[in-house]
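Just below is one structure, and these are the notes that go with it.
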Amino acid sequence: MAYRGLIDFINCLDQNEELLRIDSFVNPELEIPEVTDRITKSSGKALLFQNNGTSFPLLINAFGSQKRMALALGRKNLDEAGEEIEVLFNTMTAPGPRSFLAKIGSLPRLISYSKLLPRKRSGKGRCQQVIVKEPDLSIFPVLKCWPYDGGRFITLPAVHTFHPETGRTNVGMYRMQIFDNRTTGMHWHRHKTGANHFEAWKKTGRMMPVAVTLGGDPVFTYAATAPLPENIDEYILAGFLRKKRVDKVKCLTQDIWVPADADIVIEGYVDPSEKLRWEGPFGDHTGVYSLADWYPAFHVTAITHARDAVYPATIVGVPPQEDAWIGEATERIFLSPIKLTLAPEVVDLHMPVAGVAHNLVIVKINKSYPGQGMKVLSTLFGAGQMMFSKFIVVVSGDTDIRDYSAVMAQIERNCRIGGDLMLLKGPLDVLDHSSDTYSFGGKMGIDATEKMAEEQQPGFVSVFSSSTDLEKGGAELMLRFPQTFKEFSVPRNGILLLIVSQNATSAQENLMSVAKGWGVTIIVFLEEGTPYKDADMILWQITGNTDPQRDITVDGSVLIIDASIKYPASKGFKRKWPNVVVSSKNTIEEIDRRWASITGQNFIESPSVKLSAMVRGDSAQVAD
């Protein structure tokens with residue numbers, strides 16, 4: 001199903017009772033994000049803020065459920081899109097010799113796919129019904145999401161660029177900080193195609209044309225986030241998903257083509273010879289601030305929009321957020337290409353929300369030979385955007401990889417501390433804050449597949465062993481080291497969680513001096529204030545705050561994980577450590593006071609209340 005702009009999608013959400021219209025004034029600066037955070041984390045509806053100080057309604061949390069994500073892609077469910085992709089790949093890549101008649105038989109299907117390829121057309125599009133004579137970004141309800149953000153950010157832009165030599169196009173999603181009414185930052189990371197295009201334009205000595213679109217068919221937004229191979233046009237995927245080709249029109253001031261039915265187009269350029277601008281901080285999808293750094297500036301030359309344009313936005317922060325459902329769509333859609341081109345033994349793939357996409361991936365395989373689990377780990381750590389993964393767990397058998405207790409049971413049964421853990425180094429997402437080196441650091445693969453005869457070893461010790469003394473041991477640690485260990489918890493057989501005080505200098509040495517004989521197999525250090533009885537929060541902290549090569553230690557049959565803050569003074573960490581993203585006390589109290597009048601809903605407590613104990617200092621950066 002194709003939507004003619006966001007207004008069509010909004011009507012669809014209305015018909016499916018998936019939209020809450022908000023008529024009361026809510027400020028885009030901090031207030032809309034705080035309302036949205038409460039609604040998103042309580043599995044609420046999409047929100048349309050119709051009174052935000054501008055003439056553009058603001059749509060947010062539009063993708064924030066499995067049902068809405070499926071509606072955005074024009075499907076009954078997300079698996080449907082994945083199944084269609086698998087049919088396409090099977091048609092194009094069927095193995096073995098094929099008869100002439102078989103090849104001819106597949107042509108009608110391939111021809112029908114070709115009719116979904118993007119098309120340039122003359123004239124103006126819906127996105128150019130209104131031309132803003134004096135371009136001014138202040139006409140839009142741009143959000144300031146969190147209190148220590150560097151300013152207001154456009155959070156759902158589809159950024160269009162092309163390579164100056166090959167002409168190949170790219171559409172990526174890179175946040176854009178508003179510097180002034182005609183200038184923004186362009187936060188493309190070093191691994192992204194937009195940054196590659198920028199480097200190529202540098203060599204030409206010419207201005208780099210850029211166009212930013214907002215809204216349109218929601219599938220355009222999804223396509224801009226999709227992990228497509230470089231040089232594959234995102235609008236091919238969009239056309240396939242919406243079952244209708246994407247018509248493009250030419251921008252008014254730049255030599256770039258954009259979807260005719262986008263809601264908003266911001267045209268401009270990046271000057272490669274210009275000095276970089278200080279951009280950020282920004283409360284990011286990692287749940288902490290990405291700290292300020294140097295990025296190019298984008299200069300606006302024109303703004304056009306549809307007469308009924310809607311401004312789309314999202315917030316990111318401590319999971320779960322709206323982007324979790326975009327990630328789930330990617331799991332379903334890109335599982336088939338992974339199976340057919342990289343690892344045919346892969347049955348299922350899942351990125352837990354607490355792992356904020358790249359930090360944790362769980363994979364299920366059909367295992368048929370020894371070492372296959374390690375083979376899959378090696379393959380995936382080097383595959384496309386999977387190269388950014390920090391932890392990958394591989395299981396086999398009938399395990400439901402979305403049942404984390406079942407996954408833990410597989411690890412308990414099949415994983416040997418000494419033999420089934422793969423430690424390596426490689427590229428990390430630029431937003432990873434835990435590694436000693438920017439965008440490069442440690443990774444861990446966990447082979448929890450069922451072991452065949454050739455893989456069995458005498459004296460096997462599973463990750464979890466019988467333990468009866470952990471409560472006693474935890475209490476003993478509190479008494480012996482009161483300045484280091486503040487609280488403890490035993491959430492599962494063999495696991496001891498230790499809450500360490502700020503600037504604890506010798507936690508590991510202190511622990512191991514008394515821990516022998518307890519039967520503990522996993523010990524996790526967590527910072528004070530961590531909601532340590534919330535399994536998702538523990539997983540978020542472990543995967544986000546560790547560099548596996550530095551922070552995971554194997555001591556005999558004991559695995560020690562240091563998921564605490566790495567303070568420079570005590571642990572020699574040379575980078576700045578970011579603060580957890582939470583709303584300010586003033587914003588929380590203001591929305592508390594007006595909640596009923598804004599939403600008409602039962603009161604929802606701010607998620608920031610329980611997270612505020614994790615904040616250190618009054619800036620985006622943790623205070624030493």
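What follows is calculated from the coordinates using simple rules that are stated; it is not laboratory data. From a predicted model like this one, the values you see are computed outputs, not experimental measurements. Because the Cβ atoms are built from the backbone with ideal geometry, glycine has one as well, and the counts that use them run over all protein chains shown.
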Exercise. Please name whichever of TYR295, SER612, TRP146 sits farthest to the positive end of the charge dipole of the chain, dipole taken about the Cα centre and charges placed at Cβ: Lys and Arg +1, Asp and Glu -1.
Key: TYR295
Quiz item: Of ALA195, ASN493, ALA453, which is farthest along the charge dipole of the chain in the positive direction, counting Lys and Arg as +1 and Asp and Glu as -1 at C-beta?
Solution: ALA195
Quiz item: Mean separation of Cα pairs under 8 Å and 6+ residues apart, divided by the residue count of the stretch 115-312: what relative contact order is that in percent?
Solution: 31 percent
Exercise. For n ≥ 4 DSSP H runs only, could you compute -39500 (n - 2.57) per run for the chain, divide by its residues and tell me the 222 nm figure to the nearest 500?
Key: -9000 deg cm²/dmol
Quiz prompt | Between 0 and 90°, nearest 10: helix 404-414 axis offset from the chain longest Cα axis | solution = 50 degrees
Quiz prompt | Lys/Arg +1, Asp/Glu -1 at C-beta; the chain dipole; positive extreme among MET186, GLN15, VAL258 | solution = VAL258
Practice problem: Pull out a ≥ b ≥ c, the square roots of the eigenvalues of the alpha-carbon gyration tensor of the stretch 380-499, then state rounded if a/c is under 1.5, prolate if not and a/b is larger than b/c, and oblate in the remaining case. | Solution: oblate
Quiz item: Given 0.36 nm per residue, what is the gain on full extension from ARG206 to ARG492 after removing their alpha carbon distance, in nm?
Solution: 97.0 nm
Quiz item: If you put +1 on each Lys and Arg Cβ and -1 on each Asp and Glu Cβ, how big is the dipole of the chain around its Cα centre, in Debye rounded to 20?
Solution: 1700 debye
Quiz prompt | Label-point gap, in nm, between ASP618 and ILE232 - each point 7 angstrom along Cα→Cβ | solution = 5.0 nm
Practice problem: Rounded to whole Hz and in sequence order, give me ³J(HN,Hα) for the stretch 332-348 from the Karplus expression 6.51 cos²θ - 1.76 cosθ + 1.60, θ = phi - 60°, writing x for Gly and Pro. | Solution: 6, 6, 9, 5, 4, x, 5, 5, 7, 10, 10, 9, x, 6, 5, 9, 8
Quiz item: Tell me, what is the percent relative contact order of the chain, built from C-alpha pairs under 8 Å that lie six or more residues apart?
Solution: 13 percent
Practice problem: Grab the Cα-Cα distance for LYS275 and GLU476, subtract it from 0.36 nm times how many residues apart they are, and report the gain in nm with one decimal. | Solution: 66.6 nm
Practice problem: Can you tell me the dipole magnitude for the stretch 374-488 around its Cα centre, using point charges on the Cβ only (Lys, Arg +1; Asp, Glu -1), in Debye to the nearest 20? | Solution: 280 debye
Exercise. Can you tell me the FRET efficiency between GLU454 and GLU80 if r is taken as the Cβ-Cβ distance and R0 is 25 Å, rounded to the nearest 0.05?
Key: 0.05
Quiz item: So what are the ³J(HN,Hα) numbers for the stretch 199-211, from phi and the Karplus equation (6.51, -1.76, 1.60; θ = phi - 60°), rounded to whole Hz, Gly and Pro as x?
Solution: 5, 5, 5, 3, 6, 7, x, 10, 5, 9, x, 9, 10
Practice problem: Determine the alpha carbon to alpha carbon distance for each of LYS67/LYS144; LYS364/LYS610; LYS250/LYS275 and list only those over 31 Å. | Solution: LYS364/LYS610
Quiz item: Alpha carbon centre of the stretch 386-419 versus the stretch 330-352: separation in Å?
Solution: 16 Å
Quiz item: How large is ³J(HN,Hα), in whole Hz, for each residue of the stretch 382-387 in order, when computed from phi with the Karplus curve 6.51 cos²θ - 1.76 cosθ + 1.60 and θ = phi - 60°, using x for Gly and Pro?
Solution: x, 10, x, 6, 5, 4
Quiz item: In terms of the Cα gyration tensor, with a ≥ b ≥ c the square roots of its eigenvalues, is the stretch 115-312 rounded because a/c is under 1.5, prolate because a/b exceeds b/c, or oblate?
Solution: rounded
Quiz item: Could you give the dipole magnitude of the stretch 115-312 about its Cα centre, charging the beta-carbon of Lys and Arg +1 and that of Asp and Glu -1, in debye to the nearest 20?
Solution: 700 debye
